[in-house]
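This report concerns only the one structure given below.
The values are calculated or read from the model by the stated rules, or taken from the named source; none is laboratory data. Values in this document were obtained by computation on a predicted structure and should not be read as measured data. All Cβ positions, glycine included, derive from the backbone under ideal geometry; neighbour counts span all protein chains shown. Please note that ligands, DNA and RNA were not included when accessible areas were found on the heavy atoms of the full protein model with its side chains. Shrake-Rupley method; radii C 1.70, N 1.55, O 1.52, S 1.80 Å.
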Amino acid sequence: PHLPYRYKNKDILFTYFIEFNDMIFQCEVINIGEDMFTYIHQKTTPIKNPDADLIYSLEHSPKPNYNRSVYKPTTNIQKRIVWFFINDKVFYQDNEVGDAIANYLKICKRG
């Protein structure tokens with residue numbers, strides 16, 4: 001599904017990233033009125049704080065801010081993020097981004 005709203009920077013509660021297939025996706029937890037959801041779009045610049053930002057990547061990393069699977073949360077914020085995926089509250093920039101994230105999630109589910 002595509003984004004149902006226009007949003008402003010003030011509507012973004014939290015930003016995290018997914019690295020997959022040599023691409024970086026910026027994911028934003030957005031709150032507009034009573035609605036809260038995640039919006040995922042392609043990022044064309046490097047991640048500014050790779051040692052601090054939450055990054056999901058299938059690559060193994062000893063850094064505490066990295067996680068391989070959305071479905072295996074290790075912190076409270078990650079538990080909230082997985083809720084969006086389980087409850088279909090995720091929207092995508094376009095079909096290409098949606099397909100890439102769907103492939104990432106399939107790998108996460110396999111384990």
For this session: Count neighbours as other Cβ atoms within 10 Å of each site's Cβ, and list the GluC sites (Glu not before Pro) in segment 6-100 that are DSSP loop with at most 14 such neighbours.
Result: 34, 59
For this session: Scan [x] 7.0; [y] 8.3; [z] 28.1 for the value of mean projected area of the Cα convex hull in nm² calculated from this model and give just the label.
Result: [x]
Exercise. To the nearest 20 debye, what is the magnitude of the charge dipole of the chain about its Cα centre, counting +1 on the Cβ of each Lys and Arg and -1 on the Cβ of each Asp and Glu?
Worked result: 340
Exercise. Using 0.36 nm per residue, how much length does the chain from residue 15 to residue 85 gain when fully extended, once their Cα-Cα distance is taken away?
Worked result: 23.7 nm
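With all protein chains present, how much of the accessible area of the chain (probe radius 1.4 Å) comes from carbon and sulfur, to the nearest whole percent? Could the numbers behind the result be given before it?
Numbers: 3460 of 7020 Å².
Using a 1.4 Å probe with all protein chains present, the chain comes out at 49 percent carbon and sulfur.
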Exercise. Once every DSSP H run of n ≥ 4 in the chain is given -39500 (n - 2.57) and the sum is divided by its residues, what mean residue ellipticity at 222 nm do you get, rounded to the nearest 500 deg cm²/dmol?
Worked result: -8000 deg cm²/dmol
Problem set entry | Added length on full extension, which subtracts the Cα-Cα distance from 0.36 nm per residue, residue 36 to residue 53 | 4.1 nm
Seminar exercise, completed: Candidates 72, 48, 89; GNM for the chain (alpha-carbon contacts under 10 Å) flags as most fluctuating 48
Problem set entry | Virtual spin-label span in nm between residue 103 and residue 7, 7 Å along Cα→Cβ | 2.5
Exercise. Mean separation of Cα pairs under 8 Å and 6+ residues apart, divided by the residue count of the chain: what relative contact order is that in percent?
Worked result: 26
